[in-house]
Amino acid sequence: MDGEVFERRRQRTEDKVAALQRSLDAQLGERVPELIGEHTCVYATGSCGRGEMGKGSDLDAYIARIDDEPRQLTPLVTAVRTANAAAGLPALDGDGKYLQPVRATELLDLLGDPQDDGRGVLTKRMLLLLESRVLMGQPAHDTIVDKILDAYWLNEDLHSSDYLPFVLVNDIVRYWRIVLLNHESRLRDKRLELEQDTTISPADRPAVLLAERRYKSYKMRLARCLTCFSALTYLLALTADDPVRVTRQDVRSMVGRTPLQRLRSLSDVVGRDVPQVEEMLDLYRAYLERTEDGKEPMVVRLREDEVFQRTVSRQGSRFTELMFHLVQELGQGRPLHRHMLV
């Protein structure tokens with residue numbers, strides 16, 4: 001399998017992260033202990049967090065804190081915006097609206113609460129666990145991850161010999177469902193946006209919206225699916241030898257890997273060849289190649305090239321089909337697998 005695109009994306013991510021870190025260090029200087037110390041971290045999710053930045057990738061940056069101490073973090077927010085521009089990346093989504101600092105207590109207090117989803121906390125917690133990359137403040141990031149895992153392992157003492165992370169699995173599955181629902185919601189927003197766009201004729205709007213749908217669906221079926229299900233399949237692989245126990249240490253190791261690394265390591269975790277993985281990696285390589293130049297060129301092609309449309313649709317469906325079979329193959333009806341379904 002040609003792995004050139006994987007290495008190219010990985011190296012671009014490393015270069016952009018290094019540029020961001022240099023800029024942040026230069027701007028903050030002597031204020032690093034005050035603004036970062038061991039209490040605050042800046043991290044990225046999305047393609048940067050996954051180690052897959054393409055030419056058109058932007059930065060999904062977040063700030064998280066361990067404590068509830070009142071802190072003036074405006075200079076840190078400004079520094080992230082400046083570093084983003086210095087690295088030659090597109091403007092931050094919503095002018096950095098996601099840079100509003102989140103406290104570790106916020107990520108923990110609503111765990112299992114119905115408001116966890118509605119207030120967006122679940123999404124922040126899942127992105128931090130499943131696809132985050134530290135830009136500054138590794139100690140705080142490590143502490144927050146450990147606090148989150150401690151919360152998921154809260155009842156381990158009641159099941160010292162047969163503990164399975166059912167609540168963590170619930171949250172990953174729940175997050176995946178949110179991704180699916182948000183897909184439809186954003187398409188409705190796009191439809192309303194097109195209706196008010198006077199540069200696009202009413203006759204062309206259905207084709208533009210359909211191309212947008214195809215692009216978002218492809219991204220959801222590959223990148224979003226991999227983020228969630230690389231974790232779920234990894235957890236299932238951990239039960240291959242002991243179907244009723246998953247250790248916190250094993251999950252901490254999983255969190256330290258990117259989605260692609262989790263997928264690639266499944267054979268080692270389960271101790272045998274996993275036949276679906278190679279084809280899935282081939283499909284993901286094709287996805288990265290097609291999205292290399294960003295969204296707009298691909299949306300145009302999805303609008304104009306019917307053969308390309310069919311190929312993308314078929315390969316997106318094939319990836320999710322293979323993921324389904326991978327879940328079945330690794331789960332084998334064991335307790336954690338059954339919990340994912342019922």
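The values are calculated or read from the model by the stated rules, or taken from the named source; none is laboratory data. Please read all numbers here as calculations on a predicted model, not as lab measurements. These area figures cover heavy atoms from the full protein model, side chains too; ligands, DNA and RNA do not enter into them. Shrake-Rupley method; radii C 1.70, N 1.55, O 1.52, S 1.80 Å.
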Roughly how many whole Å is it from the C-alpha centroid of segment 129-172 to that of segment 315-342?
22 Å
Taking a ≥ b ≥ c as the square roots of the eigenvalues of the Cα gyration tensor of segment 77-158, is the shape rounded (a/c under 1.5), prolate (a/b larger than b/c) or oblate?
prolate
Whether segment 275-342 is rounded, prolate or oblate, judged on the alpha carbon gyration tensor where a/c under 1.5 counts as rounded:
prolate
Rounded to the nearest 500, what is the 222 nm mean residue ellipticity of the chain from helices alone, with -39500 (n - 2.57) per DSSP H run of 4+ residues and division by all residues?
-20000 deg cm²/dmol
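Of the accessible area of segment 119-210, with the probe set at 1.4 angstrom, what percent is carbon plus sulfur?
Solvent-exposed carbon and sulfur of segment 119-210 make up 52 percent of the total.
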From most to least accessible, 1.4 Å probe, no ligand or DNA/RNA atoms counted, PHE324, PHE308 line up as PHE324, PHE308
Short version: ³J(HN,Hα) in whole Hz for each residue of segment 205-211, in order, from phi by Karplus 6.51 cos²θ - 1.76 cosθ + 1.60 (θ = phi - 60°), x for Gly and Pro, what are they?
4, x, 5, 5, 5, 5, 5
Output the direction-averaged projected area (hull surface divided by four) of the convex hull of the alpha-carbon atoms of the chain, in nm².
18.5 nm²
If you take the Cα Rg of segment 173-262 and divide it by 2.2 N^0.38 Å, with N the number of residues, what do you get?
1.57
Take the alpha carbon gyration tensor of segment 67-116, find the square roots of its eigenvalues, order them as a ≥ b ≥ c, and report rounded if a/c is under 1.5; if not, report prolate when a/b exceeds b/c, else oblate.
oblate
Give me the Å³ per residue figure for the convex hull around the C-alpha atoms of segment 1-101.
99 Å³
Give me the accessible area of SER317, 1.4 Å probe, in Å² rounded to the nearest 10.
50 Å²
